[in-house]
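Bear in mind these aren't lab numbers, they're just calculated from the coordinates by the rules spelled out. Keep in mind that this is a model prediction, so the values were computed, not measured. Reconstructed Cβ throughout: ideal geometry from the backbone, glycine too, with neighbour counts over all protein chains shown.
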Amino acid sequence: MAKLKVAMIGLGMAAGHHVRSLLDLSDRIECVAAYSQTSVRREALAGQYPTIPTSGDLDAIFADTAIEAILILTPPSSHLELVRRAAAAGKHILLEKPLDISFERSEAIVKTARDAGVLLGMVLQNRFRTAALKLDEIVKSRRLGDLVEASAAIRNWRPQSYYDVEGRGTRARDGGGVLLTQGIHTIDLLLSYAGTPKDVSSFVRTTPIHMMETEDLVTAVFSFENGAIGTLNATTCAYPGLPERIELIGTKGTAVFTGDRLEAAFMDGTTVTAGGEKSGSGAGANPMAFGHEMHRALIANFIDAIQDGTPLRVTGDDALKAHRFIEAILAAGR
């Protein structure tokens, strides 16, 4: 089968993980253009990865009929317009989280891709952690029984210098703070295991630790359709940064997922452990302090979906569920 030809739009913080993944998968995929409007970023990428062609011509990328898919890695506020252009050109889309800066724009993205008949995959790479995949298997096989509690903790650290970057942590560029920018990864995982919460109550704060427009500390409590309850704590104030944690308690056992380590114990006396590769979490001052293996697996799934019809593990509709829950938490806090 011919290599899938793609273009990458946006050469910011996450670009390196995507480029390394594309190079690892070079027998299946070819990046024919890596775009940034900033010449400094194009030159930096070319210096580090000389085999990846760079471009400052966005119109040419969308007009190139040989390009079958677009990786959009730009700030959230630009996503809807870029998705519309990609969809109009009939190109499949792999989109960095979050969908966009508002729920309305996020809904429009999902609808745009659906109406155009193009695939919309989301870069929520934690779904591909070894422990996350094993826990998904356990939940779907009902080894935990009926859920009675599902909770998550995202205790990251970001120094003030992180938020001093222009637009970061603002509603205009990012759409939100810790929930939409950092917490969405773990929130997406939690919802994939437990379903969509309801009856949400929350406290939402911006602490004295950061000078920023949006929230850096959130605690929420909620219930699920089956009567189970849950909690969520999310912050970028927890120095030096701790691995994310998900706990699921069921009528037949309990599973605890910390970083990439899963430990599950069942009432029949059996146990399961998985993961523990210690590839880094990105919970500390450097958000990209982890390996690119999850991105590589996510991109491989995207290729499979386009070429073989394999279901996407993380769709735009999945991301929309996380956005809806985040909206409910923020509304409850207000």
Item checked: Span from the the stretch 298-334 Cα centroid across to the the stretch 180-248 one, whole angstrom -> 17 Å
Next item on the list: Using a cut-off of 15 Å between beta-carbons, work out the net charge of the residues near ASP115 (Lys and Arg +1, Asp and Glu -1, ASP115 not included).
Entry: +3
Item checked: Partners for LYS134 among lysines (Cα-Cα distance below 19 Å; same-chain residues under 8 apart left out) -> LYS252, LYS278
Check: So for LYS91, LYS97, LYS140, LYS252, fewest C-beta neighbours within 10 Å to most, what's the order?
Finding: LYS140, LYS252, LYS97, LYS91
Notebook entry, point to check: Amide H neighbours of VAL123 under 5 Å, counting only residues 5+ apart in sequence or on other chains, H built in-plane at 1.01 Å?
Noted result: LEU95, GLU96, LYS97
Check: Mind checking which lysines have their C-alpha under 16 Å from LYS3, skipping anything on the same chain fewer than 8 residues away?
Finding: LYS91
Item checked: Descending principal axes extents, the stretch 4-125, alpha-carbon based, whole Å -> 39, 28, 26
Notebook entry, point to check: Expressed as cubic angstrom per residue, what is the convex hull volume of the alpha carbon set of the stretch 98-199?
Noted result: 156 Å³
Margin query: As a test, work out the antiparallel percent of DSSP beta bridges whose residues both lie in the chain, rounded to the nearest 5.
Written below: 60 percent
Notebook entry, point to check: Hey, which lysines would be in cross-link range of LYS321, C-alpha to C-alpha under 17 Å, not counting anything within fewer than 8 residues on its own chain?
Noted result: LYS97, LYS111, LYS198
Check: Around PHE266, what is the net charge, scoring Lys/Arg as +1 and Asp/Glu as -1 over all other residues with Cβ under 14 Å from its Cβ?
Finding: 0
Item checked: Mean-position separation - Cα centroids, the stretch 5-34 and the stretch 43-61, in angstrom -> 10 Å
Check: Would you list SER106, SER151, SER201 from fewest to most Cβ contacts within 10 Å?
Finding: SER201, SER151, SER106
Check: When Lys and Arg each count +1 and Asp and Glu each count -1, what net charge do the other residues less than 14 Å away from SER151, Cβ to Cβ, add up to?
Finding: -1
Item checked: Exposure proxy order (Cβ contacts within 10 Å, fewest to most) of VAL118, VAL256 -> VAL256, VAL118
Notebook entry, point to check: Amide H to amide H, which residues 5 or more places from GLU149 or on other chains are under 5 Å from it, using H placed in the peptide plane?
Noted result: ILE229, ILE249
Next item on the list: Could you give me the percent of Cα pairs per 10 Å distance bin for the chain, shortest bin first, beginning at zero and ending with the bin that holds the maximum distance?
Entry: 6, 26, 34, 25, 9, 1, 0
